[in-house]
1. List every residue pair whose Cβ atoms sit under 8 Å apart, with the two residues 6 or more apart in sequence or on different chains, where the first one lies in the stretch 308-328 and is at positive phi and the second, anywhere, is in a loop (DSSP other than H, G, I, E, B) and open to solvent by 30 Å² or more (accessible area, probe 1.4 Å).
2. Specify the residue that is farthest from residue 284 (Cα to Cα); the eligible residues are those in the stretch 229-242 that are in a loop (DSSP other than H, G, I, E, B) and in contact (Cβ under 8 Å) with a residue 12 or more places away in the chain.
3. Can you find a residue that is touching a Pro at 6+ places or on another chain (Cβ under 7 Å), of a type in the set (Gly, Ala, Ser) and surrounded by 17 or more Cβ atoms within 10 Å (Cβ to Cβ) anywhere in the stretch 268-291?
4. Condition first: farther than 23 Å from residue 195 by Cβ, part of a strand (DSSP E or B) and hydrophobic (A, V, I, L, M, F, W, C). Can you find one or more residues in the stretch 316-325 that meet it?
5. Could you pull out every one of the strands (runs of 3 or more DSSP E) wholly within the stretch 174-228 that has 1 or more residues that are aromatic (Phe, Trp, Tyr) and open to solvent by 20 Å² or more (accessible area, probe 1.4 Å)?
6. Filtering the stretch 50-75 down to residues that are among the acidic types (Asp, Glu) and either free of Cβ contacts under 8 Å to residues at least 24 places away in the same chain or farther than 16 Å from residue 109 by Cβ (or both), which residue is surrounded by the fewest Cβ atoms within 10 Å (Cβ to Cβ)?
7. Would you mention how many residues in the stretch 296-328 are open to solvent by 60 Å² or more (accessible area, probe 1.4 Å), more than 19 Å from residue 176 (Cα to Cα) and in contact with a Pro (Cβ under 9 Å, 6 or more places away or on another chain)?
8. What are the residues in the stretch 62-91 that are touching a Gly at 6+ places or on another chain (Cβ under 6 Å) and either of a type in the set (D, E, K, R) or part of a loop (DSSP other than H, G, I, E, B) (or both), if any?
Amino acid sequence: MSAKISRRTFLKTSIAVGAGIYGVSYLGTMKRSPAIKKLKEHHLKHGLIVAHGNISDTADEPVIIKEMVRRAIKALGGLDKIVSKGNRVIIKPNIAWNQRPEFAANTNPYVVATLVELCREAGASRVKVMDHTCSANPEPSYRNSGIASAAQQAGAEVSFLNKNRFRDFSIPDGKVLKSWPFYEEMVYADDVDVLINVPIAKQHGTSRLSMGLKNVFGMIGGDRGSLHTDIHPKIADLNKFLKIDLTVLDAFRILKNHGPTGGRLDDVDNSPERARRIIVSTDPVAADAYGATLFGMQPADIGYLRQSYEQGLGEIDYQRKGFEEIQV
């Protein structure tokens, strides 16, 4: 047997032994740190970028959306400022519902595919695309959303969540939630280096809106239905625990009514006045704050946005740290 042992194995073993001796869980000690902790050094902007798409023919949609994402990421400073060579990246879209892209219940597949391409170009060794769907069988949602096919063609590994990989983690500063089951692959430093959240902007019957902060529901297990009671502080609590590196809010189409499931084209807005936008920021609160305005709402009117801001999770004044709009 070799006398050599890897540093990772040594750390795992040491922590596990320590947990056994002291009777405490070692899980929290292996949480990943944000990939963007050195923003100043990496010249990545702290503010908000909004790309507007000018499209007259639906046949041009794939090209325009991909260019919107690329231009927005470039204006922020480039994805290579977040993703380093050899990094393992998880892209978490909204794939919750068994709906086609035109119904705006799930993230647009072209947005996801472009992010996969950009991660690969930045040198990522592995890019995974996954979500905890609202159905026990995720396959129809992955397929009919168009995300599985688009992500695979772009070079991603598309995965269903493994029910055995949800672990209960404490939320030390939780206002309402003191702990909750999170998907460990999105938490552990041994599993992921960069976590990118890619929600779609839509109306929601309980939280009023579903965007980036609400999209963490696809990263957790447990009785998610129970979270809908007193939902606003719970959304803030969940976001205290998770370390999101980048939020890319898909507002090319927005679901203005009957969210979050949709199912009627009459409920979808694809007008340049309110939609046809891609919003990019390292600040999840700022991204959602801008998103709220697309529905004619003030950010502070959304309970989880207000509470997330008050608890220091981001800036509710989305223009405060810089705001740039570009036209594609």
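The values are calculated or read from the model by the stated rules, or taken from the named source; none is laboratory data. Everything quoted here is computed from the prediction, not taken from an experiment. A quick note on method: Cβ atoms are made from the backbone with ideal geometry, for glycine too, and the neighbour counts reach across all protein chains shown. For the accessible areas, the whole protein counts, side chains as well, though only heavy atoms, and no ligand, DNA or RNA atoms are used. Shrake-Rupley method; radii C 1.70, N 1.55, O 1.52, S 1.80 Å.
1. 322/45; 322/46
2. 230
3. Taking every residue of the stretch 268-291 in turn, at least one turns out to be touching a Pro at 6+ places or on another chain (Cβ under 7 Å), of a type in the set (Gly, Ala, Ser) and surrounded by 17 or more Cβ atoms within 10 Å (Cβ to Cβ).
4. Yes, the conditions are met somewhere in the stretch 316-325.
5. 179-183
6. Applying the filter and picking the extreme gives 57.
7. Total meeting the criteria: 1.
8. 85
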